[in-house]
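Visitor: Could you have a look at this structure, given as C-alpha cells, before my questions?
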Amino acid sequence: MPPSRSVVAAGTLLAALCAALPAAGAARAAGAPLAERELEVTRLAEGVYAMTWQDPLQDPIEGNSLVIVNDEDVVVVDTALLPSTTRRLIAELRKITDKPARYVVNTHWHDDHHGGNYLYRELWPEVTIVSHAATRPLILEHTYRPRPGILEEYEQAAARFTRWAETGLDDEGKELVERRRKRAGELAAFYSMAVVELAQQREMPPDLTFTDQLVLQRGARTIELRWLGRGNTAGDIVVFLPAERIVATGDLLVYPIPFCFGSYYAEWIDTLAAVDALPADVIVPGHGPVMRDRAYLHTVQELLRAIVAETKQAVADGLTLEQAKEKIKLPDWKAKLAPEDSNRGPAFDAFVLSPAIERAYRQAKGENPGEGRV
C-alpha cells in the first residue's frame, strides 16, 4: 500500500524513504514512539563521540551524528531530521559537556542530516552552519521549497490510512487482511506524527560554504572538512580528524542498504576510493554502526561497479529504459545485502533498484537528470 508517486517526486529524501516504508516494511517497531529508538553514544577518542541509531532502518530513518568537544567549544556533524530526535541528540551532548556548539556541519542536503539546524541556532545563536557550496542550494530547492506540498501529502496519507485502519476497507472498498490493516494503522500514526514534527521546523540553511577543503582549528584540535568528489549527492563532504584517525562520511556510506537516490554512481566509486585512502582507523557512516575496517566500504564500491557496468551494457545493447529495468535485478547483490532471514529485501528494492537503475541508465546515455529526482 505505497503512497502516491507524487510523494516521491516531491523531492526530499524523507519523502522517498517514507514512500518505501509500506513496501519495505523496514521498521522493526513501526509506529513506536521516537523515545523508544535505541541510540548508542560511543566515545571514539578524547572528546569525540559518535551518536548512532541501532536500527538504521527503523522508521522514520534518522542520520547519525558526530560530536567533537574541543578546548572551548563543540563541533557537531549532522543534526537529524525531526525536532524530537534533535532534542534527544542535544540532551546527550549536554550530558557530555556544557561547552557551546560553535559549528554545525551538514554533510549533504538530505533533510535527515540538517533538519535540526535551527534548534542548535536557537540554543547557541553564535553557531555557524557549514556545508559544501553545492549543498546549500540543494537544501533550498529540494527540502524547503517542496515542504508545504509534502506536508499536505502527509496529511492526506494520514487521513487515508486512518480510514483504512478504522473501516478495514481500502479506497476501492476491498477488505484488508489483518496484516495490511495493522500496517495501515502504523502508517496513519507515522504520517500524523511526521506532519506535527515537520511543521515545527524552521528553515536554517548553511551560512558558510566551501568547495574543496575547510580546516577548523579549534584549540589543539584540527578538523578537516573535505569534498572528495560527487557520490551520493553533488556536495558530499567528509569530516576527518587526522590526529584521531577518525572520518565521518555522511551518506557516502550507509549501512545496511546504501541510499542510491539522485546519485552519481561512477563518480561515487572514485570518491569512496578517496575515503579509503584517508589514514583513518574509524569510520562513522551516515547511517549504521561505527566501522573499524574497510570491508563494507569495499562492498559498496563493488555494488556501484555492478550498477554502472550493467546499465552501460544495457545501453550498448540498445535496450530501452523499461527493458533495462526489467533485466537488471542484481539478484546476487540482493542476496548479499538483504539475506532472506532479514527484513532488508524490500528496502534493497526501494533504496537501490528503484532509483539507481533508471538514473544510472540515463547517465550511461549521457543524460544529466537533476539531483533530487530519479
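The values are calculated or read from the model by the stated rules, or taken from the named source; none is laboratory data. If you're wondering where the values come from, they're calculated on a predicted model, not measured in any experiment. Here Cβ is always computed from backbone atoms with ideal geometry, including for glycine, and neighbour counts include all displayed protein chains.
Visitor: Which condition from (1) surrounded by 14 or more Cβ atoms within 10 Å (Cβ to Cβ); (2) not in a helix (DSSP H, G or I) is the one that Y296 breaks?
Guide: Of the numbered conditions (1) surrounded by 14 or more Cβ atoms within 10 Å (Cβ to Cβ); (2) not in a helix (DSSP H, G or I), the odd one out for Y296 is (2).
Visitor: Ok, one more. When you look at L225, is it closer than 22 Å to F259 by Cβ and either touching a Leu at 6+ places or on another chain (Cβ under 9 Å) or of a type in the set (A, V, I, L, M, F, W, C) (or both), yes or no?
Guide: Considered against the rule, which asks whether it is closer than 22 Å to F259 by Cβ and either touching a Leu at 6+ places or on another chain (Cβ under 9 Å) or of a type in the set (A, V, I, L, M, F, W, C) (or both), L225 comes out as yes.
Visitor: Hey, another quick one. Which residue out of L353, L319 is among the hydrophobic types (A, V, I, L, M, F, W, C), touching a residue at least 12 places away in the same chain (Cβ under 8 Å), surrounded by fewer than 23 Cβ atoms within 10 Å (Cβ to Cβ) and more than 17 Å from D236 (Cα to Cα)?
Guide: Step by step, each of L353, L319 is checked, and only L353 is among the hydrophobic types (A, V, I, L, M, F, W, C), touching a residue at least 12 places away in the same chain (Cβ under 8 Å), surrounded by fewer than 23 Cβ atoms within 10 Å (Cβ to Cβ) and more than 17 Å from D236 (Cα to Cα).
Visitor: Now, a different point. Give me a count of the residues in segment 223-279 that are touching a residue at least 60 places away in the same chain (Cβ under 8 Å), in a strand (DSSP E or B) and touching a Phe, Trp or Tyr at 6+ places or on another chain (Cβ under 6 Å).
Guide: Number satisfying all stated conditions: 1.
Visitor: Given the condition aromatic (F, W, Y), at pLDDT 95 or above and within 16 Å of P258 (Cβ to Cβ), answer yes or no: does some residue in segment 319-339 qualify?
Guide: yes
Visitor: Would it be correct to say that D73 is surrounded by fewer than 20 Cβ atoms within 10 Å (Cβ to Cβ), touching a Gly at 6+ places or on another chain (Cβ under 9 Å), closer than 24 Å to T209 by Cβ and of a type in the set (D, E)?
Guide: So D73 fits the description; yes.
Visitor: Same structure, new question: How many residues does segment 205-237 hold that are within 28 Å of V308 (Cβ to Cβ) and of a type in the set (S, T, N, Q)?
Guide: Final tally of qualifying residues: 4.
Visitor: While we're here: Given (1) in a helix (DSSP H, G or I); (2) within 17 Å of the chain's Cα centre (by Cα); (3) at pLDDT 95 or above; (4) not basic (K, R), where does T143 come up short, assuming only one miss?
Guide: It fails just one condition, (3).
Visitor: Only residues that are within 20 Å of D112 (Cβ to Cβ) and either surrounded by fewer than 23 Cβ atoms within 10 Å (Cβ to Cβ) or out of contact with any strand residue (DSSP E or B) (no Cβ under 9 Å at 6 or more places or on another chain) (or both): list them for segment 228-256, please.
Guide: R230, A234, Y255, P256
Visitor: Hey, another quick one. Has segment 304-326 got at least one residue that is among the basic types (K, R), under 23 Å from Y264 (Cβ atoms) and outside any helix (DSSP H, G or I)?
Guide: no
Visitor: Within segment 169-217, can you find the residues that are assigned to a strand (DSSP E or B), surrounded by fewer than 17 Cβ atoms within 10 Å (Cβ to Cβ) and polar (S, T, N, Q)?
Guide: Correct list: Q213, Q217.
Here's the yes/no breakdown for (1) of a type in the set (V, I, T); (2) closer than 18 Å to L225 by Cβ; (3) modelled with pLDDT under 95:
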{"position": "A266", "(1), (2), (3)": "no, no, no"}
{"position": "I269", "(1), (2), (3)": "yes, no, no"}
{"position": "P285", "(1), (2), (3)": "no, yes, no"}
{"position": "R294", "(1), (2), (3)": "no, no, no"}
{"position": "L297", "(1), (2), (3)": "no, no, no"}
{"position": "E302", "(1), (2), (3)": "no, no, no"}
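Visitor: Spot the failing condition for T97; the list is (1) of a type in the set (S, T, Y); (2) within 17 Å of V67 (Cβ to Cβ); (3) surrounded by 16 or more Cβ atoms within 10 Å (Cβ to Cβ), and only one is missed.
Guide: If we test T97 against (1) of a type in the set (S, T, Y); (2) within 17 Å of V67 (Cβ to Cβ); (3) surrounded by 16 or more Cβ atoms within 10 Å (Cβ to Cβ), just (3) comes out false.
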